[in-house]
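Participant: First the structure, which I've put down as structure tokens, then a few questions once you've had a look.
The values are calculated or read from the model by the stated rules, or taken from the named source; none is laboratory data. Quantities reported herein were computed from a predicted structural model and do not represent experimental measurements. When we count neighbours, we look across all protein chains shown, and the Cβ atoms used for this are built from the backbone with ideal geometry, even at glycine.
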Amino acid sequence: MLNNKVTILKKVTSQDFREINRLISGLSLGKIRPRPLTMSQFTQLLSQKNVFVLIVRVGTGKEKKIIGFLTVYLVRIPSGVVAVSEDLLVDEQYRKWGVGRFLMEYGINLAEKKGARHISLRTNPNRLEANKLYEQMGFNLVTTNFFRINLPRKK
């Protein structure tokens, strides 16, 4: 049973740590597979003032497990505060339950309350369901050149 509540993760338990890493392992970055977080990295992530890890759990009591999460971070740039949404991940078994929409709506509201001018996200164009969700929620496709260099650079 979905608890209909988004929680901002402030402290990580070993169970939370395992569940988040399980979800991250399903993230596709093309040919690059994400490395699991270490407990130290996760603790460091949560300690950052303007980084919010949002989670949704299912179950009751000790049987609660994380079925979705979203990271939202805010950055002050010269033109104001902007928010970025990263890594919206929902357990495959719970997709189409509205968990992604629920998390994203919470993230948008959080960014707005924190004074962000806008919230941005990137997604793979092949993730048709995700793209459809973002469009339904009012996100607009922005045509821009997005450049990246992978580090460390190959010599």
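Participant: Name the residue that is farthest from residue 92 (Cα to Cα), counting only residues in region 59-80 that are in contact with a Lys or Arg (Cβ under 6 Å, 6 or more places away or on another chain) and either part of a strand (DSSP E or B) or of a type in the set (Ser, Thr, Tyr) (or both).
Facilitator: The residue in question is 80.
Participant: I need the full set of residues from region 84-96 which are farther than 12 Å from residue 56 by Cα and under 12 Å from the mean Cα position of the chain (by Cα), in order please. Steps first, please.
Facilitator: The first filter runs over region 84-96 and keeps only residues farther than 12 Å from residue 56 by Cα, leaving 84-87, 92-93, 95-96.
84, 85, 86, 87 - these are the residues of region 84-96 that are farther than 12 Å from residue 56 by Cα and under 12 Å from the mean Cα position of the chain (by Cα).
Participant: Sticking with this structure for a sec: If you check 116, 83, which single one turns out to be in contact with a Leu (Cβ under 9 Å, 6 or more places away or on another chain) and not in a strand (DSSP E or B)?
Facilitator: Matching residue, one of 116, 83: 116.
Participant: Yes or no: residue 110 outside any strand (DSSP E or B) and in contact (Cβ under 8 Å) with a residue 40 or more places away in the chain?
Facilitator: Here the answer is yes, as residue 110 does meet what is asked.
Participant: Still on this model: Please state which of the following conditions residue 123 fails to meet, knowing it meets all the rest: (1) part of a loop (DSSP other than H, G, I, E, B); (2) closer than 12 Å to residue 56 by Cβ.
Facilitator: (2)
Participant: Under 16 Å from the mean Cα position of the chain (by Cα) and in contact (Cβ under 8 Å) with a residue 40 or more places away in the chain: is that true of residue 99 in this structure?
Facilitator: Yes; evaluated as a whole, the condition is true for this residue.
Participant: Give me the residue from region 50-70 that is at pLDDT 95 or above and surrounded by fewer than 19 Cβ atoms within 10 Å (Cβ to Cβ) and, out of that set, nearest to residue 6 (Cα to Cα).
Facilitator: Per the criteria, the residue is 51.
Participant: Applying the selection to region 88-119, what residues are modelled with pLDDT of 95 or more and at positive phi?
Facilitator: Answer for region 88-119, where residues must be modelled with pLDDT of 95 or more and at positive phi: just 115.
Participant: Have a look at 100, 107 and point out the one that is touching a helix residue (DSSP H, G or I) at 6+ places or on another chain (Cβ under 8 Å) and either surrounded by 17 or more Cβ atoms within 10 Å (Cβ to Cβ) or more than 19 Å from residue 57 (Cβ to Cβ) (or both). Please lay out each step first, then the result.
Facilitator: Details: 107 fails: touching a helix residue (DSSP H, G or I) at 6+ places or on another chain (Cβ under 8 Å).
Going through 100, 107 in turn, just one is touching a helix residue (DSSP H, G or I) at 6+ places or on another chain (Cβ under 8 Å) and either surrounded by 17 or more Cβ atoms within 10 Å (Cβ to Cβ) or more than 19 Å from residue 57 (Cβ to Cβ) (or both): 100.
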